[in-house]
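As structure tokens, the structure follows; a few thoughts come after it.
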Amino acid sequence: MNKTKEESKKTRKSNPAYQDNLRRNGKYFIEDKQYVSVTTILTAIAKPQLITWGAKMASTYAIENPEAEGSECISAIYRKRDTAGELGRMIHSLAEALTKGIVIEEEKLSDTIKPYAQALIGYFAKVKPDVLKAECVIVNETEGYAGTTDLIAKMQDGKIWLVDYKTGGIYPEAALQLSAYMHAEYIWDKKDHF
């Protein structure tokens, strides 16, 4: 199921990589070159857990809605995915706010997002990362890919960490995603190019 134009606009507004038409259709357009996005590359990996998850979502919907047509049950998969995606975007926005030193007013958050916010606030309070970059675009010209990292920070032990927030579980391809980011040749900053 394709995103509506309105949903696509929301995604672009909430992700810095989409600003200035930098990212679209699984590619990054930086200066006069195109780079395939890391997440697009990773779609080539089989994800058998998604088949089980999708079957569970559709069958649960069918049980809860016995009069529903088959296509309606199948569309429940996409509604759940889109809801999870929106939650992930909200959590990433909270994390980005914390990297900028913005205080999160927990009492104003919904019950759904509050536990995630509390976990992030606890993480930042305990780990005290020295934020070097947040939501930045990395590029590997040699291999022809780009991606957006969630956080690059110097930790208390002096080591620099590449952090990627995961809200729906951690799957094996997350290691590949971080490895690709780690092997980037540079961080692209539009401020340096405009």
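Worth pointing out:
- Surface exposure of the chain, expressed per residue as accessible area with a 1.4 Å probe, stands at 65 Å².
- For the chain, the mean residue ellipticity at 222 nm estimated from helices alone is -14500 deg cm²/dmol, where every DSSP H run of n ≥ 4 contributes -39500 (n - 2.57) and the total is divided by all residues, rounded to the nearest 500.
- Share of carbon and sulfur in the accessible heavy-atom surface of the chain [1.4 Å probe, %]: 57 percent
- In summary, the helical segments of the chain meeting the span-like criteria, namely a full DSSP H run, a Cα extent along the axis of 18 angstrom or more and a mean Kyte-Doolittle hydropathy of at least -0.5, are 48-64, 70-99, 114-127.
- Cα pair distances of the chain binned at 10 Å [whole percent]: 8, 28, 35, 21, 6, 1
- Our estimate of slack between V127 and K33, defined as 0.36 nm per intervening residue step minus the Cα-Cα distance, is 30.1 nm.
- Kirkwood radius and radius of gyration were both taken over the C-alpha atoms of region 53-165, and their ratio Rg/Rh is 1.13.
- For the pair N65 and Y78 in one chain, pulling the backbone fully straight at 0.36 nm per residue adds 3.0 nm over the alpha carbon distance.
- Inter-label distance for I45 and K159, nm, one decimal - labels placed 7 Å from Cα along Cα-to-Cβ: 2.1 nm
- Each Cα pair under 8 Å and six or more residues apart adds its sequence gap; the mean of these over the residue count of region 142-194 is a relative contact order of 27 percent.
- Here the extension length gained between L176 and S110 equals 20.5 nm, from 0.36 nm per residue of separation less the Cα-Cα distance.
- The value of relative contact order for the chain, using C-alpha pairs under 8 Å at least six residues apart, is 19 percent.
The values are calculated or read from the model by the stated rules, or taken from the named source; none is laboratory data. Note that the coordinates shown come from a computational prediction; the quantities given were computed from them, not determined experimentally. Cβ atoms come from the backbone with ideal geometry, glycine included; neighbour counts cover every protein chain shown. Accessible surface is based on the protein model in full, side chains and every heavy atom, while ligands, DNA and RNA are left aside. Shrake-Rupley method; radii C 1.70, N 1.55, O 1.52, S 1.80 Å.
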